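Here's the structure we're looking at; comments come further down.
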Amino acid sequence: MRAWVLRRPPHGHVLPTAHDMAREHRVLHALRDSAVPVPRVVGLCEDPAVIGASFYVMDRLDGTTLRTQEDTALLTPQQRADLAEQMVDTLVALHEITPASVGLEDFGRPDGFLERQLRRWRAQWDASATRERPEVHELLDRLGRAVPRTGAPGIVHGDFKVDNMMVDRADPTRILGVLDWEMSTVGDTLTDLGILCSFWDQQGEFHNPITAGATALPGFPTRDQVVARYAEARGVDAGQIDWYLVLADLKIAVILEGIHARHSQGLTVGEGFEGIGAMVQPLLDRALELASTSTVRALRG
């Protein structure tokens, strides 16, 4: 029996550039025959009169998603190690695809990508901040003084983390599909590595409040080992990974602040938004601590 998933933007207020279903449909269709596992898309509807929003339909993958530490605790240490390797190798496979080879040559602009990211997240913060947090502009200023040269352009997922993977129920080390491509573009691929590392929790350290320790269990490699495996596989220099990590923590904090602001205004639909606002400051604190101790001198202030 065939089963499908209808993907649409969330109910409630949505930012104008967020949850672009046509964009997500396009990248999934482009990657259908690539080394990156993605669900097959069936069709796209951009007429909001049908269900109240644009949407697309894709095949339903018969797998499971590992969202919490309780989920990953069900894996053996060897399975955790193998899954981590598959995740890094999948990210490498994505970044090694030449955008033009899959029809995505106009999907984004690598030149000036990082500078535009800083402008975008500054504007997003200014539009949604519910309280003064001077750390945000301090971090943006430091990042602006230390922008790396984009040396590894390619297709960027934008939100690459363990709970955006659908894995096989019988073999949780086998990735059936990479999901949630709504933030994808063509740009500096090391931003994906930064996001992955921000969500890569380690034992005995601060956990990203979203993943909350999902990878902080025996068997999962350290963040440094993840970076090393990626850099070796691609032959790229990850010496400025601190810059991308600081950007990732800042970006996630800005996104969470936006969700908190919309929830405070009664513009979100559903449950689970009450604690979002409390997640912002810890991420900013970690970003500022890393920036202040980084080997990237310009980040230190």
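Observations, loosely collected:
- For the stretch 71-92, a residue qualifies if it is closer than 21 Å to ALA238 by Cα and either of a type outside the set (Gly, Ala, Ser) or open to solvent by 20 Å² or more (accessible area, probe 1.4 Å) (or both), and the qualifying residues are GLU85, GLN86, MET87, VAL88, ASP89, THR90, LEU91, VAL92.
- Those residues of the stretch 120-129 which are within 15 Å of MET279 (Cα to Cα) and loosely packed, with under 14 Cβ neighbours inside 10 Å, in sequence order: none
Residues are listed down the side, and each one gets a yes or a no for (1) aliphatic (A, V, I, L, M); (2) out of contact with any Asp or Glu (no Cβ under 6 Å at 6 or more places or on another chain); (3) farther than 15 Å from ARG286 by Cα; (4) not in a loop (DSSP other than H, G, I, E, B):
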| site | (1), (2), (3), (4) |
| --- | --- |
| GLY177 | no, yes, yes, yes |
| GLU182 | no, no, yes, no |
| LEU196 | yes, yes, yes, yes |
| PHE206 | no, yes, no, no |
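- Leading residue by the ranking (modelled with the lowest pLDDT) among those in the stretch 263-289 that are of a type outside the set (Val, Ile, Thr) and surrounded by 18 or more Cβ atoms within 10 Å (Cβ to Cβ): HIS263
- All positions within the stretch 184-194 that are in contact with a His (Cβ under 7 Å, 6 or more places away or on another chain) and outside any loop (DSSP other than H, G, I, E, B): ASP192
- Near pairs, Cβ below 6 angstrom, 6+ apart or cross-chain, from the stretch 276-301 (under 29 Å from HIS260 (Cα atoms)) to any residue that is open to solvent by 70 Å² or more (accessible area, probe 1.4 Å) and in a helix (DSSP H, G or I): SER292/ARG300
- Looking at GLY213, GLY219, just one residue is open to solvent by less than 20 Å² (accessible area, probe 1.4 Å) and touching a residue at least 60 places away in the same chain (Cβ under 8 Å), and that residue is GLY213.
- Of the residues making up the stretch 58-70, those that are of a type outside the set (Ser, Thr, Tyr) and either buried (at least 16 other Cβ atoms within 10 Å of the Cβ) or assigned to a loop (DSSP other than H, G, I, E, B) (or both) are MET58, ARG60, LEU61, ASP62, GLY63, LEU66, ARG67, GLN69.
- Only one entry in ILE241, ILE195, ILE252 is under 16 Å from the mean Cα position of the chain (by Cα), modelled with pLDDT of 95 or more and over 21 Å from THR68 (Cβ atoms), namely ILE241.
- Any hit, the stretch 224-236, residues being among the aromatic types (Phe, Trp, Tyr), within 18 Å of ALA287 (Cβ to Cβ) and at pLDDT 95 or above: no
- Residues within the stretch 237-252 that are part of a loop (DSSP other than H, G, I, E, B) and crowded, with 16+ Cβ neighbours inside 10 Å, tallied: 2
- Scanning the stretch 93-119 for residues that are over 30 Å from ARG32 (Cα atoms) and either at pLDDT below 95 or open to solvent by 30 Å² or more (accessible area, probe 1.4 Å) (or both) gives GLU115, ARG119.
- Residue match in the stretch 18-26 (condition: basic (Lys, Arg) and either at pLDDT 95 or above or out of contact with any helix residue (DSSP H, G or I) (no Cβ under 7 Å at 6 or more places or on another chain) (or both)): yes
- Residues that are in a strand (DSSP E or B) and in contact with a helix residue (DSSP H, G or I) (Cβ under 7 Å, 6 or more places away or on another chain), drawn from the stretch 41-57: VAL41, LEU44, PHE55, TYR56
- Identity of the residue in the stretch 41-57, over 15 Å from TRP4 (Cβ atoms) and either among the aromatic types (Phe, Trp, Tyr) or open to solvent by 80 Å² or more (accessible area, probe 1.4 Å) (or both), that ends up nearest to the chain's Cα centre (by Cα): GLU46
- Here the condition is being in contact with a Pro (Cβ under 8 Å, 6 or more places away or on another chain) and either of a type in the set (D, E, K, R) or crowded, with 18+ Cβ neighbours inside 10 Å (or both); of ARG174, ARG234, ARG169, ARG229, it holds for ARG229 alone.
The values are calculated or read from the model by the stated rules, or taken from the named source; none is laboratory data. Remember, predicted model here, so these are calculated numbers, not experimental data. Reconstructed Cβ throughout: ideal geometry from the backbone, glycine too, with neighbour counts over all protein chains shown. Ligands, DNA and RNA are excluded from the accessible area calculation, which covers all protein heavy atoms including side chains. Shrake-Rupley method; radii C 1.70, N 1.55, O 1.52, S 1.80 Å.
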